[in-house]
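Asks: My questions all concern the structure below.
The values are calculated or read from the model by the stated rules, or taken from the named source; none is laboratory data. This structure is a prediction, so every number in the text was calculated from the model and none was measured. Heads up, the Cβs are rebuilt from the backbone with ideal geometry, glycines too, and the neighbour counts pull from every protein chain shown.
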Amino acid sequence: MSVYSKAISDVKFRIPREILNVVFIQRHQQWREQPLSLDQQIMKEVIVPRVMVDCDLYGGTEAFVALWNLAYERTNDYTTVYRIPKERTNGRTISSVLNITFTDPTRLSSYAATTQCQATPMLLMGQSVLDALGPAPITSSAYVQLIAENTVMVRDSMIIPANSYLRCILDSDESMSHIQRRSYPAFSKLITYAVQAYIYNTYIIQMDIGELQGGHALGRFKEVVDSYADAEENYQTQLEEVIAKVMIMNDNTSFPRILRTMIGTQR
């Protein structure tokens, strides 16, 4: 079960089915002969154009993209432009860039790199002292800018090593597979608010017009839709106060890095 299928299932329990059918099915059925799927309509009208976009604004998945063997353009002595193909990002789009690393991030560079078999707690502490006394090497640069889709510009670097890596944030995949199941309730609540806000903004005026022209009292149907007046505010609150944190905590690369900066770690 994906996070979206769980959220749509919860939406059906929290919102009366008659209201969902009127807004997502009957409103479009008159122009089509084939029956519509409620799940697909919610994905098409609410989740894909709004929820997925908003979630990617607050987070994604951090990744290191290798820049070796990529064609680049030198606009001047200190500016380099890379056009990264989708093959390097698993078909996903780069939403933001963090820095460019001039060394392989998967390798360890230190005074005791060749004596790992002798790494005792005493040697590790001595290694930290030596690292603190040594000069700080320039291993990365934050002068990186996203100028187009999967196109980055590196500034203030005259020579860029061939084995450089771009540290960036990628958009989530279509199913948001990196979200853990314990975070499903938070996204389910967000999508419920999004559907309620969509129902209110889409149908509130049509109900008034139908009541005026047809003279029919909508009764309980109108009361339920009117109760969704604060759904947009609830959506924004859930997005900013909960989902923004959940997106980072579900990133297995960004979250450990944040923890290391907060509590410190062995260097």
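Asks: Within the bounds of region 117-126, is there any residue that is within 39 Å of the chain's Cα centre (by Cα), modelled with pLDDT of 70 or more and hydroxyl-bearing (Ser, Thr, Tyr)?
Replies: Scanning region 117-126 turns up no residue that is within 39 Å of the chain's Cα centre (by Cα), modelled with pLDDT of 70 or more and hydroxyl-bearing (Ser, Thr, Tyr).
Asks: Just to be sure, is residue 229 over 27 Å from the mean Cα position of the chain (by Cα), at negative phi, at pLDDT 90 or above and not basic (Lys, Arg)?
Replies: Against the criterion (over 27 Å from the mean Cα position of the chain (by Cα), at negative phi, at pLDDT 90 or above and not basic (Lys, Arg)), residue 229 qualifies.
Asks: With the requirement that a residue be of a type outside the set (S, T, N, Q) and in contact with a strand residue (DSSP E or B) (Cβ under 8 Å, 6 or more places away or on another chain), what does region 79-101 give you?
Replies: Scanning region 79-101 gives 81, 82, 83, 84, 88, 92, 94, 97, 98, 100.
Asks: With respect to residue 53, determine if the residue is at negative phi and over 20 Å from the mean Cα position of the chain (by Cα).
Replies: no
Asks: Tell me, please, whether a residue that is more than 20 Å from residue 96 (Cα to Cα) and acidic (Asp, Glu) can be found in region 125-133.
Replies: yes
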